[in-house]
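To start, the structure itself, in structure tokens.
Any read-out appearing in this document is the output of simple, stated calculations on the displayed coordinates, not a laboratory observation. Just so you know, these numbers come straight off a predicted model, no measurement behind them. Quick reminder, even Gly has a Cβ in these numbers, built from the backbone with ideal geometry, and neighbours come from all protein chains shown.
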Amino acid sequence: MRTRASSSARPTKRFAPLMLCVITATVVVASPRVARADLRDLAARVADAFRLAGAEVKSSPTRFLNDDETVSVVLPAGGGGACTSVALLGARGMSFRGRLSVENDDEPVEDGRTTGASVAGALLLTRCGEPGTARVVITSDAGRGAVEIVIARAKGPMPTLTSVLPERGGSSLPHQFQTEPGELPALVPASTRADVAEVRARHDSATVEPRASIVATAEGAGSAPIVLEPGCHRIELFGIDLRPRNAGRRGRLDLDGELRDSDDELIARDRTEAADARLEACVGETTNAEVSYVGSVAGAPVVLTHGRWPIPARLPTLWGNAPRARMASALLARHATLPDSDAVFVAQGPSGLTTVPITVEPGACYMAVAAITHGSARGLGLRAVIGAREIADERGVGGVASALAFCAEERDAVRVAVDARGTALAWGLALFRVQGAVWGGVR
């Protein structure tokens, strides 16, 4: 790959050491019943506060959230208020995200109230104006435990949870006792971080392309052309920290990157708050592209590494190269691999919510992967219902692909629901029977 520096980079906005400690202490373990009772007390306080604010209040049955699990809860009907508010209450150490939507919501408006992340195990979501059956989707980020759900319907939004539950609002120390964070540690050299990235890619069976360097302009930006062969690609950018030693380290190096094709269509983007940028994408045919970044120290070289994987040979070819690449992107994002056998079931369908009944082998485990084949997509979700269990991938990958894994246990049939949102849309679904743990092939 040949690269060149450019002063016309697109001005987009843009490891901590692991310490092992062994502590000997007397631990008092609260029983699950006590913890559940505490949550119910909190839920009762929230319900009382909502009623005082003029809302009609209901509750949903307690849900137990496992690690890395997504649950979808249909809220009980009732109330004539224009706004629906939902309080989600878990243990303080839990971390989860939530989204409040209605059944006819083609494109959820993420305005900071309908979606959010918990703080100290508490989250309040509010949606106003849209009729229809409401549901809340909860995704675990860390921790497991019970989640209490309080629903309020009123003319307007409810009081914040910080005002109702101040103990869940963060630090309660007076200002004079709150300390400022110290200086940031020095970064490991960019070449060393790049070495680690390439070792990791080779361990994951990637082909590693020659390393390149892109010198930043006076604005801290840079770009270079790159050719993407058919397959999946991981491009990483590593900046050099050249801040003066006497300037302190409260500021931080933050690289943001983009990957665009020759038609200026966005392929991948990284706007995370990190010193390095990672761009992952899969393409179905040879693509001339440009990688660009901002946030570097002016005039400093930025190291670029490039690992690539072939598109899994067993992905269906009947929909063409682009849908195969989208399916591959869903597998890459989940570090999943496919078995050395063809799909046992293939289906296609239109936009909207489509449920597909599938006969499966009791005791076997499966991987389902779906992708948009035609049209303009706003989102693609996948859900498998196995008896009373439900496994969901609500987020998908870029709104154009989705994947999930499940085991049939004693069942001989499952229902797979594809939720496709967009215009003039069509999707393809492939189901693979896997041997052993589906996530065993880590990438």
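Could you work out the percent of alpha carbon pairs in segment 270-398 separated by over 23 Å, rounded to a whole number?
Everything past 23 Å amounts to 46 percent.
Of the GluC sites (Glu not before Pro) in segment 346-432, which ones lie in a loop per DSSP and count no more than 11 other C-beta atoms within 10 Å?
Counting only loop positions with at most 11 other Cβ atoms within 10 Å, the GluC sites (Glu not before Pro) in segment 346-432 are GLU410.
If R0 is 56 Å, what FRET efficiency do you get for LEU52 and GLU265 from their C-beta distance, rounded to 0.05?
Values: r = 52 Å, r/R0 = 0.92.
Result of the calculation: an efficiency of 0.60.
To the nearest 0.05, how large is the calculated FRET efficiency for GLU69 and ASN288 if R₀ is 56 Å and r is the Cβ-Cβ distance?
That pair, GLU69 with ASN288, gives E of 0.85.
Test of understanding: extend the Cα→C-beta vector of GLU409 to 7 Å, then name every residue of segment 338-365 with backbone N under 16 Å from that spot.
Within reach of a label on GLU409, which here means backbone N under 16 Å from a point 7 Å along Cα→Cβ, segment 338-365 contributes 360-365.
If you average 1/r across every pair of different Cα atoms in segment 117-163 and take the reciprocal, what Kirkwood value do you get, in Å?
Kirkwood hydrodynamic radius for segment 117-163: 12.9 Å.
Rounded, prolate or oblate: which one fits segment 333-434, using the alpha carbon gyration tensor with axes a ≥ b ≥ c (rounded when a/c is under 1.5, else prolate when a/b beats b/c, else oblate)?
Prolate, because a/c is 1.5 or more and a/b exceeds b/c.
If we sort 362-368, 263-269 on the protection proxy, mean other Cβ atoms within 10 Å, highest first, what's the order? Intermediate values should be presented prior to the final figure.
Working: 362-368: 18.0, 263-269: 13.1.
Final packing ranking: 362-368, 263-269.
Which distance in nm do the two modelled labels at SER95 and VAL344 give, with both placed 7 Å along the Cα-to-Cβ direction?
The two pseudo-label positions are separated by 3.6 nm.
Please give the FRET efficiency for ALA417 paired with ARG202, using the beta carbon to beta carbon distance and R0 = 30 Å, rounded to the nearest 0.05.
0.20
Ranking request for peptides 328-338, 194-204: highest mean number of other beta-carbon atoms within 10 Å first, then the rest in descending order.
328-338, 194-204
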